[in-house]
Amino acid sequence: MIRNYLKIAWRNLVKNKVYSFINIGGLAVGMAVAVLIGLWIYDELTYDRYHSHYDRIAQVMQHQTWNGEIGTQEANPAQMAEEIRHVYGSDFTYVLQASWNNDHTLTYGEKMFNKSGSYFEPEVPEMLTLHMLAGTRKGLEDMNSILLSASVAEAYFGSEEPIGKVLRMDNEVDLKVTGVYEDIPPNSSFADLKFIAPWSLYLNQNKWIAKMENPWGSNYTRTFAMISEKADMEKLSAKIGKVKFNKVNESEKRYKPIVFLHPMAKWHLFSDFKQGVNTGGAIDNVWLFGTIGFFVLILACINFMNLSTARSEKRAKEVGIRKSVGSVRTQLITQFFSESILIAVLAFLIAILLVAMTIPYFNDVAGKHTAFPWRQPLFWVAGVAFSLLTGVVEGLYPALFLSSFRPVAVLKGTFRIGRNASLPRKALVVLQFSISTILIIGTMIVYQQIQYAQNRPMGYNKSGLIWVSAAEEIHKHLDAVRTELITAGAITEIAESGSPITNVWNTNGGFDWEGKDPNQAVDFPNNAVTVEYGKTVGWTVKDGRDFSRDFATDSSAFILNEAAVTFIGLKEPLGKVIRWENKPYTIIGVVKDVILQSPYTPVRGAMWHLAKGKENVFMIRINPAAKPHEAMAKIEGVFRRLNPTAPFAANFVDEEYARKFGNEKRIGELSTFFAILAILISCLGLFGLASYVAEQRTKEIGIRKVLGASVANLWRMLSQDFVLLVVISSVISIPIAYTFAHRWLQQYDYRTTISWWTFAVAVVGAIVITLLTVSFQAIKASTANPVNSLRSE
C-alpha cells in the first residue's frame, strides 16, 4: 500500500514540474538554513564539553563596588587559590592559580615563534582532562618544565621525539618539554592554550609578588576550581563569598568584594554581568538564530500548504473517484502525507548538498570551525526524524483539507472551492511576508547600530597607529630608536605605554581629592606613558597642556579625560591636586574622551601619568607620507637588530578596533543571509501562487482583452491582491519588529535610535519584491492571445 502511495506521489511530482520545483526547492533552502543553524547551535551548546569535568569546573570571580557601581571581574589576588584550599579544601578537588593567556617567544635552534600560553599550577592537566599524546600530566611539577600542544610540538620538532627537548622562553629561561597534549578544540575557553608553564616559574620570574606590602589589594591573576563530586556549585559559591573580604585591610573593604564561582557550563553562554547580576551573553544569539531557523523553515512549509490547497480543484476529481470506489478518509490522508513526506525527504537530500557547499562560507561569517558530521549516526537519525516531522507539518493542513471533499458534488460538477477557501492561503502569505519583513527590519537596525558605534568620536587617530610588545633592549635605547626611525621617515612618533590604546590592562584605586567622600570607593584606568604618548596616539587636549620634557614637575602630574573630570566634579580642574597612595599629583591637562574599551558603553573616567620605568607596549605612529610596507620593514629592521631573540609582531590599532564590532557584524551578516533566503522562499511561493491565479483566470483575462482591457490594466488587476497582502503583513510586522529591535538595543548604553525611514524602506522593498515576483506571470498572462483561451467558448 505504501509503495502504491509513493508511486502516485512520484507521478504527481513529475507531472507538475514547476510546482514540484517550487515546493522542493523552497523547502530545501529552508531545511538547509535549519541544518546550518542547528549545527551552529550545537557548537554553541557544547562549548567546553571537551573537558570531562566541565560541570564541576568553575572560575573564581568577584563582584566589587567602585565609582558607585557594582563591577564583575575575573582578576584575583595571587593568594586566592591558597586561601580557598586552606579554608574550604574539603569542598574542592582542585583550586588552581593561573596567569593570563599571553604571547611568549619560544625558541628552539633557529626556530622562533610567538605562542600563546599560561602559567598554571601543576594539577591543571588533570582538571581540564587534557589528552596527553606524549609525556605525563604530572609534567609541571618541575619549575623548569613546559607542556606543549600537538601543533606547537610539530612546529618545533616535526617528526622528532619532543619529550626531553629544551625550549628557551622569552630569551630568559630554558624549559624542558615534559608533555604534549592534544590541541584543545575551537569551542573551548582554552582553545588558545598552546603551551602551559609552571606557576612556580611565574612566581620565580615575578619576585615582586613575594615583596608586596598589601598582597590582597591587587588583582592580577586568575583562579580556577573544580568542586568535589558531592558539593553543590551554588551553595559552595555562596559559602566562599567573604573569603577576600575577610583578608583585605579596612580601606579595601570599601570595595565590598564578594567572591563567587562562575561554572564552566556558563562561561560562554552566560558571560555578561551588570550590577553584579548575570544578564546573559551568547545565549541570546542562540535564541535569536534558533527562532530565525524555525521561522525560515515555516516559510518553506507554507509554500507547500498554499500551492497544495490552491490546486485543490485539480485534485478534487481524484478525491471524488477514490471516495466513490471505497477509499476512506484516513487512506486519503495517508496518500497526501506520503506526498508531503516524499517532498520533505527529497528536499532534505538537496539541503544536505547545499549545506556541504555553503558551510565554509557560513563558518567564515559565523566565526566557527564547524565540520559537516558525515560520520555521525546521531546526525542522520536526527535528519530522518527532521524530514518526517517537516513532512507531517507541511502536509497536515492540505491532507485534512483535500480529504474533506464530498464525492457527490465533485463528480456532478457542482463542486466549487468558494471564495472563503482562499482565506487560509492569504493568511499564510501574510504570515510569510510578516516574517520576511521583520528579518529585513532587524537586519537594517543591526547595521545602523554598528555604523552608529563606528562613527562615534574615538578621541584619537587610529589610522597608521600600531603597538608592539615592549622589550627591554628597545626600552634601553628608545631615544636612539625614535631618532633613527623618524630620520628614516618611517614614523612620526613613538611612545611607551602600560596598555595599548584599544584596551585597559591596569586600573587603580587609592585616589583622594578635595571634597571626596572618604567612604567612596573609586577605581580608574590609570595608564603610565612616556612624554610623546599624546602626539603618538593623536588625542585632543581640551584644556591645559600635554606632557612635556620642559617641565620636570610632570613626573608628578596627571592628565585626565572629560569623564574623569565630570565624575570627580571639578569645574576648574587645572592645577588641582589628586592624591594617589598619599602622593600628590597635579592636573596639568584634560583630553577629550578616548574610547579605551567597548565602543557601545560610556567612556570611563581615566588618568595618565609619566612612566618611571619600562612599560608593556610601544605605541608607534607610522609616517603617513611613507609607504606602509616600507615603513614596517624599517621598523622591524631596527627592532630585530636590537632584539634579535624575539620575533617582531605588530598590532594594527584600526584592525583591533574593528574587532570590537565582530559580534554585531556576525549577527548582521548572518541576519542578512537568512533574510535573503527568507525573501527567496517567500518569492518562490508568490511565484507559484501567481502562476496558479493566472492559470485559473485565463478565460476572464481573455474576455477582458476582447472588451479592450490594456496590459497595464490586467497587470494591475492580477497584482493588486498580492500587494494588498504585503501591505497587511507590513502593518502586522512593524510593531513586532520595533518591539524586538528596541529590546535588543537596550543591551547597549551607547545605541542608535530607531528611525521611521527604516520601516518605510522595508515596506517599500517588500512591495517592490512582490511586484517583481508577480509581474512575470501577470504580464505573461496579460499578453497571451485571447483566441487560445476562448476558442472553445
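The values are calculated or read from the model by the stated rules, or taken from the named source; none is laboratory data. All values reported here derive from a predicted model rather than from experimental measurement. Note that we place each Cβ from the backbone using ideal geometry, even for glycine, and neighbour counts take in every protein chain shown. For the accessible areas, the whole protein counts, side chains as well, though only heavy atoms, and no ligand, DNA or RNA atoms are used. Shrake-Rupley method; radii C 1.70, N 1.55, O 1.52, S 1.80 Å.
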> Within the set of pairs 6+ apart or on separate chains, which have a first residue in the range 347-365 that is within 20 Å of residue 670 (Cα to Cα) and touching a residue at least 24 places away in the same chain (Cβ under 8 Å), a second that is open to solvent by 20 Å² or more (accessible area, probe 1.4 Å) and of a type outside the set (Asp, Glu), and C-beta atoms under 6 Å apart?
Replying inline: 359/372
>> From the list 666, 641, exactly one residue is over 20 Å from residue 103 (Cβ atoms), touching a residue at least 60 places away in the same chain (Cβ under 8 Å) and assigned to a helix (DSSP H, G or I). Which is it?
In response: 666
>> Anything in the range 531-541 that is open to solvent by 30 Å² or more (accessible area, probe 1.4 Å) and over 36 Å from the mean Cα position of the chain (by Cα)? List them, or say none.
In response: 531
> Of the residues that sit in the range 426-449 and are open to solvent by 40 Å² or more (accessible area, probe 1.4 Å) and within 22 Å of residue 690 (Cβ to Cβ), which one is modelled with the highest pLDDT?
Replying inline: 431
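Condition check: under 23 Å from residue 501 (Cα atoms) and either modelled with pLDDT of 95 or more or open to solvent by 30 Å² or more (accessible area, probe 1.4 Å) (or both). Does residue 591 satisfy that? Don't jump to the end; show me each part of the working.
Numbers: under 23 Å from residue 501 (Cα atoms): yes; either modelled with pLDDT of 95 or more or open to solvent by 30 Å² or more (accessible area, probe 1.4 Å) (or both): yes.
Answer is yes for this residue.
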>> Condition first: outside any strand (DSSP E or B), among the hydrophobic types (A, V, I, L, M, F, W, C), surrounded by 19 or more Cβ atoms within 10 Å (Cβ to Cβ) and in contact with a strand residue (DSSP E or B) (Cβ under 9 Å, 6 or more places away or on another chain). Can you find one or more residues in the range 502-519 that meet it?
In response: no
> What is the residue count in the range 158-210 for residues that are of a type in the set (Gly, Ala, Ser), over 19 Å from residue 57 (Cα atoms) and either touching a residue at least 60 places away in the same chain (Cβ under 8 Å) or open to solvent by 30 Å² or more (accessible area, probe 1.4 Å) (or both)?
Replying inline: 6
> Among (1) surrounded by 19 or more Cβ atoms within 10 Å (Cβ to Cβ); (2) modelled with pLDDT under 90; (3) under 29 Å from residue 67 (Cα atoms), where does residue 498 come up short?
Replying inline: (2)
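Considering only the range 615-629, I want to know if a residue exists there that is open to solvent by less than 40 Å² (accessible area, probe 1.4 Å), of a type in the set (A, V, I, L, M, F, W, C), part of a loop (DSSP other than H, G, I, E, B) and over 30 Å from residue 744 (Cα atoms).
First, pick out the residues of the range 615-629 that are open to solvent by less than 40 Å² (accessible area, probe 1.4 Å): 615, 617-623, 626.
This time we only want the ones that are of a type in the set (A, V, I, L, M, F, W, C), so: 617-620, 622, 626.
Of the ones still in play, those that are also part of a loop (DSSP other than H, G, I, E, B) are 626.
Of the ones still in play, those that are also over 30 Å from residue 744 (Cα atoms) are 626.
The answer is yes, given that some residue of the range 615-629 is open to solvent by less than 40 Å² (accessible area, probe 1.4 Å), of a type in the set (A, V, I, L, M, F, W, C), part of a loop (DSSP other than H, G, I, E, B) and over 30 Å from residue 744 (Cα atoms).
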>> Give me the residue from the range 720-732 that is surrounded by fewer than 21 Cβ atoms within 10 Å (Cβ to Cβ) and farther than 20 Å from residue 295 by Cβ and, out of that set, nearest to the chain's Cα centre (by Cα).
In response: 727
>> I want to confirm something. Restricting to the range 2-29 and keeping residues that are closer than 29 Å to residue 373 by Cβ and open to solvent by 30 Å² or more (accessible area, probe 1.4 Å), which single residue is modelled with the highest pLDDT?
In response: 21
> In the range 30-52, which residues are of a type in the set (A, V, I, L, M) and either surrounded by fewer than 18 Cβ atoms within 10 Å (Cβ to Cβ) or closer than 23 Å to residue 224 by Cβ (or both)?
Replying inline: 41, 45
> Any chance the range 477-494 includes a residue that's in contact with a Pro (Cβ under 9 Å, 6 or more places away or on another chain) and closer than 22 Å to residue 557 by Cα?
Replying inline: no
> Does any residue of the range 703-715 turn out to be in contact with a Phe, Trp or Tyr (Cβ under 6 Å, 6 or more places away or on another chain) and open to solvent by less than 70 Å² (accessible area, probe 1.4 Å)?
Replying inline: no
> Among the residues of the range 505-547, which ones are touching an Asp or Glu at 6+ places or on another chain (Cβ under 6 Å) and under 27 Å from residue 99 (Cβ atoms)?
Replying inline: 507, 509, 510, 528, 530
> Out of the residues in the range 630-659 that are open to solvent by less than 20 Å² (accessible area, probe 1.4 Å) and within 32 Å of the chain's Cα centre (by Cα), which is nearest to residue 554 (Cα to Cα)?
Replying inline: 653
> In the range 123-157, how many residues are in contact with a Pro (Cβ under 7 Å, 6 or more places away or on another chain), farther than 12 Å from residue 196 by Cβ and open to solvent by less than 40 Å² (accessible area, probe 1.4 Å)?
Replying inline: 2
>> Whether any residue in the range 132-140 is of a type in the set (Gly, Ala, Ser), within 23 Å of residue 215 (Cα to Cα) and in contact with a strand residue (DSSP E or B) (Cβ under 7 Å, 6 or more places away or on another chain) is what I want to check.
In response: no
>> For a quick check of your reading of the model, give me the residue pairs whose first member lies in the range 68-79 and is open to solvent by 40 Å² or more (accessible area, probe 1.4 Å), whose second is in a loop (DSSP other than H, G, I, E, B), with beta-carbon atoms closer than 7 Å and at least 6 apart or on different chains.
In response: 69/275; 70/275; 70/276; 72/276
>> Could you check the range 295-307 and list, in sequence order, the residues that are at pLDDT 80 or above, open to solvent by 20 Å² or more (accessible area, probe 1.4 Å) and either within 17 Å of residue 667 (Cβ to Cβ) or more than 26 Å from the chain's Cα centre (by Cα) (or both)?
In response: 295
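Of the residues 576, 592, 583, only one is of a type in the set (Lys, Arg) and under 20 Å from residue 539 (Cα atoms); which?
On the way: 576 fails: under 20 Å from residue 539 (Cα atoms); 583 fails: under 20 Å from residue 539 (Cα atoms).
Within the list 576, 592, 583, the selection yields 592.
Against the condition out of contact with any Gly (no Cβ under 7 Å at 6 or more places or on another chain), surrounded by 14 or more Cβ atoms within 10 Å (Cβ to Cβ) and modelled with pLDDT of 85 or more, how does residue 348 come out, does it pass?
Values: out of contact with any Gly (no Cβ under 7 Å at 6 or more places or on another chain): no; surrounded by 14 or more Cβ atoms within 10 Å (Cβ to Cβ): yes; modelled with pLDDT of 85 or more: yes.
When the stated conditions are applied, residue 348 does not pass them.
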> Out of all the residues in the range 733-764, which are more than 19 Å from the chain's Cα centre (by Cα), in a helix (DSSP H, G or I) and surrounded by 17 or more Cβ atoms within 10 Å (Cβ to Cβ)?
Replying inline: 733, 734, 737, 758, 759, 762, 763
> In the range 211-254, which residues are assigned to a loop (DSSP other than H, G, I, E, B), touching a strand residue (DSSP E or B) at 6+ places or on another chain (Cβ under 7 Å) and in contact (Cβ under 8 Å) with a residue 24 or more places away in the chain?
Replying inline: 219, 228, 240, 243, 244
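May I ask you to verify whether residue 232 is within 22 Å of residue 187 (Cβ to Cβ), open to solvent by less than 80 Å² (accessible area, probe 1.4 Å) and of a type in the set (Asp, Glu)? Outline the logic, then answer.
Numbers: within 22 Å of residue 187 (Cβ to Cβ): no; open to solvent by less than 80 Å² (accessible area, probe 1.4 Å): yes; of a type in the set (Asp, Glu): yes.
Against the criterion (within 22 Å of residue 187 (Cβ to Cβ), open to solvent by less than 80 Å² (accessible area, probe 1.4 Å) and of a type in the set (Asp, Glu)), residue 232 does not qualify.
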